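Read the figures in this text as sums done on the coordinates, not as results from a lab. Everything quoted here is computed from the prediction, not taken from an experiment. Here the Cβ positions follow ideal geometry from the backbone for every residue, glycine too, while neighbour counts run over all protein chains shown.
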Amino acid sequence: MRVIRISPTVLAALGRLVVAVSLLAALVVGVGLIGFFGAPPKARVAAPPESPEIEPAQVQPGAAAPPVEVPPVAPPPEQSSPGVDPIRQWANEVSLSVDVPARALVSYAAADLAMREHAPGCRISWSTIAGIGRVESNHGRYGHRQLGEDGKPSQPIIGIKLDGGPDVRRITDTDGGRLDGDTQHDRAVGPMQFIPSTWNKWATDGNGDGIGDPQNLDDAAIAAARYLCAGGRDMATGSGWWQGVMSYNNSVEYAQKVFGLAETYTAAGNRRE
């Protein structure tokens, strides 16, 4: 297992986080992430009905990529607060403008910064990862769950049985029920809704505890970013962005919704002043 360490500059910025992102010590290569090709939308957990729906952006696939806003490693002196990590402070401010828990924003920003160091050609943005996190599990809050300061939902998120029913792909068990508790069919797991077999390929330890846990958003957000960046994909181009997001869920409507969310989140980040 090869370990890729993050530079001291980024570690220093992340080191004061209130939660586990401070331990962003390694991206574990060769364990796995859970987006899967060709899966219909109903193969994943949908956002809870009480959450406001976002209309899909009216943009043609491949025409453009959402704008990018970079989470700060350190804010200007006049914007900093003593004793508050700059990324957590940024997350707290952005969270006031959009319905995203600050703790989730910390995970998305950490994934963005890690990929800027280890796969700079991908140019994936935290806002795209956040858009996927919103559609997949409402940022770990599906079914009235709460996202804890440890980066985990208050109860594990387990998707529907992938048994080949209406609009559902059939995937027989690949993990002996270890991740999803089902020994007959696979189910998508965690805030970013990974299929167990895909997690086994892309799993990542994002919080430095030595475990790649799909239920932990620190781990799952970086794993999702690595998956989206696979094959040298450039997520800042229209073609690269749409290919990446539709590899996560092969649905134009899904990708359009993620596009609109990413735009909204980026705008909120730019308005935080």
What is the fewest-to-most order of E149, E69 by other Cβ atoms lying within 10 Å of their Cβ?
E149, E69
How would you rank I157, I211, I222, going from fewest to most other Cβ atoms within 10 Å of each one's own Cβ?
I211, I157, I222
Identify the residues of the stretch 97-129 with backbone N under 15 Å of a label point that sits 7 angstrom from the Cα of Q146 along the Cα-to-Cβ direction, or state none.
101-104
Between the stretch 80-128 and the stretch 160-184, what's the alpha-carbon centroid distance in Å?
33
Using 0.36 nm per residue, how much length does the chain from A230 to Q58 gain when fully extended, once their Cα-Cα distance is taken away?
59.3 nm
